Amino acid sequence: MPGTAAKVRFTEVQMQILEEIVASRTASVRLVQRAQIVLLAYQKRNNEQIGEVVDLNPQQVSVWRKRWKAKQDHLIHVECTDTKGALRRAIETVLTDLPRKGRDVTFTTDQQAAIVAIACESPDAESERPISHWTHQEIADEAIRREIVPSISTSRVGAFLKSG
């Protein structure tokens, strides 16, 4: 037996912003999809009907209806106290995925910088390694030898070098 869907309400300005997002050619597909969910929910459509339109299952639609409902008062506050641009950013934040749980950061920025610095050194002169070019494995081994980190994977070294 289906439950009661979260009731969606918004102001005229919020509706205008939601419609702008849906009509946007530069907004992400997910953002457009979620704005559509809110607009369709306001039209008293149920989660199954909305899901068919936006190509999501009813549970996913329910998540975004609930998220919008939970933030309605906050959005009204932003609308009353800030600019329209700030309101649009607040709406986009409401319609954006929350950070997912994951592993804590295991390497400090100092450790990352030290690993990138190793890659900038000449391997034969600075580290006395009999190689002409660093590989990710050689950098990982050198970082462990210098006690920069207790252990590190070659893929993590590669990620540091790519971002650094």
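Below are the figures for this structure:
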item	result
³J(HN,Hα) computed for each position of segment 69-82 - Karplus, 6.51 cos²θ - 1.76 cosθ + 1.60, integer Hz, glycine/proline x	4, 5, 9, 4, 5, 4, 5, 5, 4, 4, 4, 7, 10, 9
Stokes-Einstein translational diffusion, segment 12-94 - Kirkwood Rh over all Cα pairs, 1.306 mPa s, 10 °C, in µm²/s	123 µm²/s
Normalised contact order of segment 109-163, rounded percent, pairs of Cα under 8 Å and 6 or more residues apart	37 percent
Longest segment of the chain lacking GluC sites (Glu not before Pro) that sit in a DSSP loop with at most 10 other Cβ atoms within 10 Å	1-127
Distance violations [Cα-Cα > 31 Å] among 66/162; 71/162; 69/162; 66/101	66/162; 71/162; 69/162
Sorted by Cβ density within 10 Å, fewest first, the residues 9, 156, 34	9, 156, 34
For Rg/Rh (Cα atoms, Kirkwood Rh), calculated from these coordinates, the label among (i) 1.03; (ii) 0.95; (iii) 1.26	(iii)
Mean separation of Cα contacts under 8 Å (6+ apart) over length of the chain, as relative contact order %	17 percent
Loop trypsin sites (Lys or Arg not before Pro), segment 44-121, which have at most 10 other Cβ atoms in a 10 Å radius of their Cβ (DSSP)	44, 100, 101, 103
Helix-only mean residue ellipticity at 222 nm for the chain, each DSSP H run of n ≥ 4 adding -39500 (n - 2.57), per residue, nearest 500	-19500 deg cm²/dmol
For segment 34-78 versus segment 133-154, the gap between their alpha-carbon centres in whole angstrom	48 Å
Segment 113-128-segment 9-23 distance, computed between alpha-carbon centres (Å)	54 Å
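Since every read-out is calculated from the coordinates, none of them should be taken as a lab result. Small disclaimer: the values here were computed from a predicted structure and weren't measured. All Cβ positions, glycine included, derive from the backbone under ideal geometry; neighbour counts span all protein chains shown.
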